[in-house]
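Scroll down for the structure; my scribbles are underneath it.
The values are calculated or read from the model by the stated rules, or taken from the named source; none is laboratory data. Just so it is clear, the structure is predicted and the values come from calculations on it, not from any experiment. Note that each Cβ is placed from the backbone with ideal geometry, even for glycine, and that neighbours are counted across all protein chains shown.
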Amino acid sequence: MNLNIHSPLPVRKDWRIGCIGSGFIMNDCHLAAYRKAGFNPMAIASRTKENASKCAKQNNIGNVFESIDQLLDDNSIEVLDIAVPPDNQLEIIKAACSRKTVKGILAQKPLGANYAESVEAVKACEAAGIILAVNQNMRYDHSVRAGRTLLENGTIGEPVLATIDMRAIPHWMPWQERQGWVTLRIMSIHHLDTFRFWFGDPQRIYCTTRPDPRTQFNHTDGIASYILEYANGLRAIAIDDTWTGPAREGAPSDIGIQWRIEGINGLAIGNLGWCEDPYTTPSSIRYASKGDNDFTAPKWEESWFPDAFIGTMAQLLIALETGEQPAIAGRDNLTTMALVEAAYKSAAEHRAVELKEITGEK
């Protein structure tokens, strides 16, 4: 069975990409993936030229700009690839929109520091005629794409219950301390967006959170659990546990991220390899339908990090070629951002929150 685990690719691969940011996500994920795909990152800028130069040297990028503004002024760049902290992203998007030189922007998730910023970014790009796509890269994890295929082709039938169980210790970034939040906007956003990718938009969410004992700066959302309620009865449930027990304080560890979709006709179970050592461990899936004697368990060599990042750039380039919306369009991603916002509101008010409370839709 073709599980459609690989991203479609654009016809033209030499779109001139300007990269902003030079940290791990850009250096080890974006640019590593682009080398594999044959894409064309031709310029880079970062907060400091020194960091940008190191990244450029490692990834064979010929043009290093003194500043982000200088890169934005270069009208030979067709596509902007942004990998900066979320509270810095809107300013860069608006600066690019004011120049109207690039044709497309690939922005990081979360699209903004909050839902309101995300709306502002989408409106700015629409007004400037720039196609905005969002780097919700879990959609291009190979097991996640396989799960979507099994739903679309009827292998497991109508979904009844879906779960994502994360027991992992992310590497929090220094900029998160000034944000005052950790898990919901950084890790849970992947899972919320994946549920949307699989099942569409829920009616409401109930979320409960508590601080993570390991994370010492002030925050409320270290450990999160939430339920998405769908109109057809489907329930999608996640546990995002960044504590996992004292695995860094002397106890044995049991770390992993598993997902499960139970359908009327079958069952699919996935494992994400990202939090294993090395982080380039491939994800996996096993699935079975009524009448099968055993699970089918295909294998592949690619991994979420960095290979999924081929798909996030490819979907923007395809949109530029076809004139259609990207697979992860900025406006569509507002619903994922609204779910995150609703999760915070739910946790604070100890009640289920409907999406329309955030979006204002009737």
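Miscellaneous remarks
- Some residue of the range 254-267 being of a type in the set (D, E, K, R), touching a Lys or Arg at 6+ places or on another chain (Cβ under 8 Å) and closer than 21 Å to ASN135 by Cβ: no
To keep it simple, each residue is scored yes or no on (1) among the small types (Gly, Ala, Ser); (2) under 18 Å from LEU151 (Cα atoms); (3) free of Cβ contacts under 8 Å to residues at least 40 places away in the same chain.
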site	(1), (2), (3)
GLY200	yes, yes, yes
CYS207	no, no, no
PRO213	no, no, yes
LEU234	no, yes, no
ASP240	no, no, no
THR244	no, no, no
ARG260	no, yes, no
ILE264	no, yes, no
ASN271	no, yes, no
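- Among the residues of the range 5-55, those that are more than 20 Å from the chain's Cα centre (by Cα) and polar (S, T, N, Q) comprise ASN40, SER46, THR48, ASN51, SER53.
- Residue tally, condition assigned to a helix (DSSP H, G or I) and either at pLDDT below 95 or not basic (Lys, Arg) (or both), over the range 86-107: 12
- Checked against the criterion of being of a type outside the set (Gly, Ala, Ser) and closer than 30 Å to LEU234 by Cα, the candidates ARG178, ARG167 yield just one match: ARG167.
- Residue list for the range 14-50, restricted to those being free of Cβ contacts under 8 Å to residues at least 40 places away in the same chain and surrounded by fewer than 18 Cβ atoms within 10 Å (Cβ to Cβ): ASP14, PHE24, ARG35, GLY38, ASN40, ARG47, THR48, LYS49, GLU50
- Residue tally, condition assigned to a helix (DSSP H, G or I) and in contact with a strand residue (DSSP E or B) (Cβ under 8 Å, 6 or more places away or on another chain), over the range 108-125: 3
- When the range 65-85 is filtered for residues that are more than 27 Å from the chain's Cα centre (by Cα) and not in a loop (DSSP other than H, G, I, E, B), the ones remaining, listed by number, are GLN70, ASP73.
- Residue in the range 134-144 that is closer than 15 Å to LEU334 by Cα, touching a helix residue (DSSP H, G or I) at 6+ places or on another chain (Cβ under 8 Å), assigned to a strand (DSSP E or B) and at pLDDT 95 or above present: yes
- Exclusive hit being free of Cβ contacts under 8 Å to residues at least 60 places away in the same chain, within 20 Å of LEU339 (Cα to Cα) and not aliphatic (A, V, I, L, M), set GLU117, GLU91, GLU177, GLU152: GLU117
- For the range 233-249, the candidate set comprises residues that are closer than 23 Å to ARG351 by Cβ and touching a Phe, Trp or Tyr at 6+ places or on another chain (Cβ under 9 Å); within that set, the residue that is surrounded by the fewest Cβ atoms within 10 Å (Cβ to Cβ) is ILE239.
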